[in-house]
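J.: Below you will find the structure I want to go over with you.
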Amino acid sequence: MAVEILMPELGESVHEGTVSRWLKNVGDFVKEDEPVVEIMTDKVNTELPAPATGILVKITIAEGDQVEVFSEMGVIEEDEAKAKEMLANGVPASTSSAPAAESAPAAATPVEETAAPAVAADGEKRWYTPLVRAMAKEHGLNDGELAMIAGTGQGGRVTKSDVETYLSNRASGSAPTAAPAPVSAPAATPTPAPAAKPAAPAAPVTAGPDQEVSKLVGMRKMIADAMVRSSQVPVVSTLIDVDVTGLVNFRSTNKDNFLATNGVKLTYTPFFIKALAECLMEFPMLNAALEGDQIIKNNRVHMGVAVSLGEDGSGGLIVPVIRNCESKSLVDIAKDLEGIAKAARGNSLGVEDVKGGTFTLTNPGSYGAVLGTPMINAPQSGIAGVYGIKETPVIINGMIAVRSIMNVVLTYDHRLVDGLTAGRFLQRFKSKLENFEFFK
């Protein structure tokens, strides 16, 4: 029996991913639950287990290509004799970077059931996947033109490949023209608005002298897509400086005892997380999210902490979540922080580790940065960046003193948060750190 390897749902709002690496080749024997393919999304990088024991007879989605949730990525044949026969007869298997949809007709997938509906000219309701809808919008296809595309999916549903074929035929002048919807005489027929011309394909990039050209794939592609989404949010960044001399002195005095007592290192970050969590409970709009025109207010603080992947940090950036920070002690937060950092270094973070963040902290100061403007992690309404602590001469009561000063930048969604609220939030955060309120 042939068993499909399907792209699973890897978290809320995740509709597609990228096949970053196949761990098995066509013709290899695989055991059920053995890792067979590595998938990357904008939230997590994970290995997927084989759904059955047998021989991998087909790879539908090649490395570097995107795949929708619930779509087929490959096929395992449980019957060894049948598998060998299929391979001997040349079962089509995509091993190049060619679009997967061209290797075989699109199979029926559950994602079609959640596709967006449209009503055709004949009154029949037709369904299109989010990917097809996105392609239609990109190339200026209206519902009338979509209705003219012959679908090769189950039940005649339109697939990505069908749209690509239509666009190719339209460019050559051989695509069918959408017929106008029937109207009752003597009503006048409105003149349809001309469809927008499809964007010209990007010119291929050619490497010049001393250059190399490579495709944006994998984690960098996921990060790029997330940054583009976040760039659509109207944000403002506000800067404040904080005197953390008391914090620096406390850590210097207590770090060895803290490690011996609790088994984890005492860093500055747990203090920042604890102070932010308390401030977010006082200023709930900075702990909210905007989804469409719906405001989601969160009654708990689930702090996303930006960390680097891999032992040397070169594997990209991910934002695992420490939950319920408003009710945790500094020790609890320090232990959670060490746990997610260790998992990130070992590339062992799971889907649950990165879901549900309500606010984000990034700490560029850990690598020496003294100032920046962090980008919001949409749809969250705020992100705080803490920067390098520097000994700085300051004026106190008319006298010069050397203090440990740190820049803090808050970037916030201006649709939900006004400047006054942001300023009060930062002042409260500053007060908590400067007055060292953690043990009061």
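The values are calculated or read from the model by the stated rules, or taken from the named source; none is laboratory data. What you see is a predicted model, and the numbers here were worked out from it, not measured in a lab. Glycine gets a Cβ as well: all are built from the backbone with ideal geometry, and neighbour counts include every protein chain shown.
J.: Going residue by residue through region 320-331, is there one that turns out to be more than 20 Å from the chain's Cα centre (by Cα), assigned to a loop (DSSP other than H, G, I, E, B) and surrounded by 13 or more Cβ atoms within 10 Å (Cβ to Cβ)?
T.: Restricting attention to region 320-331, the residues satisfying the condition of being more than 20 Å from the chain's Cα centre (by Cα) are 324-331.
Checking which are assigned to a loop (DSSP other than H, G, I, E, B) leaves us with 324, 328-329.
Restricting the remaining residues to those that are surrounded by 13 or more Cβ atoms within 10 Å (Cβ to Cβ) gives 324, 328.
Yes, region 320-331 contains at least one residue that is more than 20 Å from the chain's Cα centre (by Cα), assigned to a loop (DSSP other than H, G, I, E, B) and surrounded by 13 or more Cβ atoms within 10 Å (Cβ to Cβ).
J.: Given the conditions (1) crowded, with 17+ Cβ neighbours inside 10 Å; (2) within 27 Å of S230 (Cβ to Cβ); (3) in contact with a Leu (Cβ under 9 Å, 6 or more places away or on another chain), report the number of the one that A277 does not fulfil.
T.: In the conditions (1) crowded, with 17+ Cβ neighbours inside 10 Å; (2) within 27 Å of S230 (Cβ to Cβ); (3) in contact with a Leu (Cβ under 9 Å, 6 or more places away or on another chain), A277 misses (3) alone.
J.: Hey, another quick one. Looking only at region 298-311, count how many residues are part of a loop (DSSP other than H, G, I, E, B) and in contact with a helix residue (DSSP H, G or I) (Cβ under 6 Å, 6 or more places away or on another chain).
T.: From region 298-311, those part of a loop (DSSP other than H, G, I, E, B) are 298-302, 306, 309-311; that's our starting set.
Checking which are in contact with a helix residue (DSSP H, G or I) (Cβ under 6 Å, 6 or more places away or on another chain) leaves us with 298, 301, 309, 311.
Count: 4.
J.: Return the residues of region 334-362 that are modelled with pLDDT of 90 or more, in contact with a helix residue (DSSP H, G or I) (Cβ under 9 Å, 6 or more places away or on another chain) and buried (at least 19 other Cβ atoms within 10 Å of the Cβ); say none if nothing qualifies.
T.: Correct list: A334, D336, L337, I340, T358, F359, L361.
J.: Which residue pairs have Cβ atoms closer than 9 Å, lie 6 or more positions apart in sequence or on different chains, and pair a first residue in region 380-409 that is under 30 Å from K297 (Cα atoms) and touching a residue at least 12 places away in the same chain (Cβ under 8 Å) with a second residue that is of a type in the set (D, E) and outside any strand (DSSP E or B)?
T.: Hits for this filter: zero, empty list.
J.: Just checking, does region 32-39 include any residue being under 18 Å from the mean Cα position of the chain (by Cα) and at pLDDT below 90? Spell out the reasoning first.
T.: Let us first name the residues in region 32-39 that are under 18 Å from the mean Cα position of the chain (by Cα), namely 38-39.
Okay, now just the ones that are also at pLDDT below 90, so 38-39.
Within region 32-39 (the criterion being under 18 Å from the mean Cα position of the chain (by Cα) and at pLDDT below 90), the answer is yes, since at least one residue qualifies.
J.: Moving on to the next point. Among the listed residues V217, V233, which satisfies the condition of being within 34 Å of the chain's Cα centre (by Cα), at pLDDT below 75, within 30 Å of Q380 (Cβ to Cβ) and not charged (D, E, K, R)? Break it down stepwise before answering.
T.: On the way: V233 fails: at pLDDT below 75.
None of the other options fit; the residue is V217.
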